[in-house]
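One structure is given below, encoded as structure tokens.
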Amino acid sequence: SKPIIALVGRPNVGKSTLFNRLTRSRDAIVADYPGLTRDRQYGTGRLGKSPYIVVDTGGLSGETEGVDPLMAGQVRAALDEADAVLFLVDGRQGILPADEVIANYVRLFDKPVQVLVNKAEGYDHDVAKAEFFQLGLGDPIAISSAHGDNVEKAIDHVLEQL
Ligand code: GDP
Ligand code: MG
């Protein structure tokens, strides 16, 4: 069956914008996918070389409440069912403490993770992604979900490794 790709990251990094671009839809819900709840939004991947399902998550703040609330919620469920994780960060804001909380949480799942440094349009991509190596989740890829820069390349890179 199609691999499931989960989008995680703190609010406003651009997860839903990326979801819409990958699915080419505002609400491409996959109604007949068994066992999936409506806490998360599912769509059919339409950008990239091979088929996949993409899952958008909300509500992951990574703030002072720490990891326990994450484990009880939709993000845990999305990470549990994911074959790969796209971890979005904001290239304009840099690493915030919440990003580190989320990085540490995602690491617990031992799934392939690709860090995507979003909002990189108009920036030198090497500069935009440089500090995000510190998250310890491998080589980041700079993208712009809003403009589409590098998005297809990034999803193909992830799909090729599954
Ligand atoms: P989410 O909370 O992670 O789902 O983030 P959203 O997709 O709702 O986006 C949050 C804000 O960031 C919105 O105002 C988007 O228009 C903006 N945004 C998303 N992607 C980009 C991008 O690639 N570049 C810029 N400049 N803004 C973006
Ligand atoms: Mg959203």
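The values are calculated or read from the model by the stated rules, or taken from the named source; none is laboratory data. Everything numeric in this text was worked out from a predicted model, so none of it was measured. Every residue, glycine among them, receives a Cβ derived from its backbone with ideal geometry; neighbour counts consider all protein chains shown.
Considering the stretch 79-99, the residues that are in contact (Cβ under 8 Å) with a residue 60 or more places away in the chain and closer than 15 Å to P11 by Cβ include one that is surrounded by the fewest Cβ atoms within 10 Å (Cβ to Cβ), namely L96. Scanning the stretch 121-148 for residues that are surrounded by fewer than 19 Cβ atoms within 10 Å (Cβ to Cβ) and within 12 Å of ligand 1 (Cβ to nearest atom) gives E121, G122, Y123, A146, H147, G148.
Checked against (1) surrounded by 16 or more Cβ atoms within 10 Å (Cβ to Cβ); (2) farther than 14 Å from G136 by Cα; (3) modelled with pLDDT of 95 or more, S50 meets all criteria but (1). Can you pull out every residue in the stretch 100-120 that is crowded, with 18+ Cβ neighbours inside 10 Å and either among the hydrophobic types (A, V, I, L, M, F, W, C) or away from ligand 2 (no atom under 16 Å from the Cβ) (or both)? Scanning the stretch 100-120 gives V101, I102, A103, Y105, V106, V113, Q114, V115, L116, V117, A120.
Scanning the stretch 104-162 for residues that are farther than 18 Å from V54 by Cα, in a loop (DSSP other than H, G, I, E, B) and either among the charged types (D, E, K, R) or in contact (Cβ under 8 Å) with a residue 60 or more places away in the chain (or both) turns up D110, K119, E121, D124, D139, D149. Only one entry in V115, V67, V127, V101 is touching a Pro at 6+ places or on another chain (Cβ under 8 Å) and either over 17 Å from I5 (Cα atoms) or at pLDDT 95 or above (or both), namely V115.
Take the stretch 1-26 and flag every residue that is among the hydroxyl-bearing types (S, T, Y) and either farther than 20 Å from G91 by Cβ or more than 12 Å from ligand 2 (Cβ to nearest atom) (or both).
As a first pass, look at the stretch 1-26 and keep what is among the hydroxyl-bearing types (S, T, Y): 1, 16-17, 23, 25.
Listed by number, the residues that qualify are S1, T23, S25.
Take the stretch 87-99 and flag every residue that is within 17 Å of A128 (Cα to Cα) and in a helix (DSSP H, G or I). The one that is within 17 Å of A128 (Cα to Cα) and in a helix (DSSP H, G or I): D99. Here is the figure for the stretch 1-46: residues that are at pLDDT 90 or above and among the aliphatic types (A, V, I, L, M) total 8.
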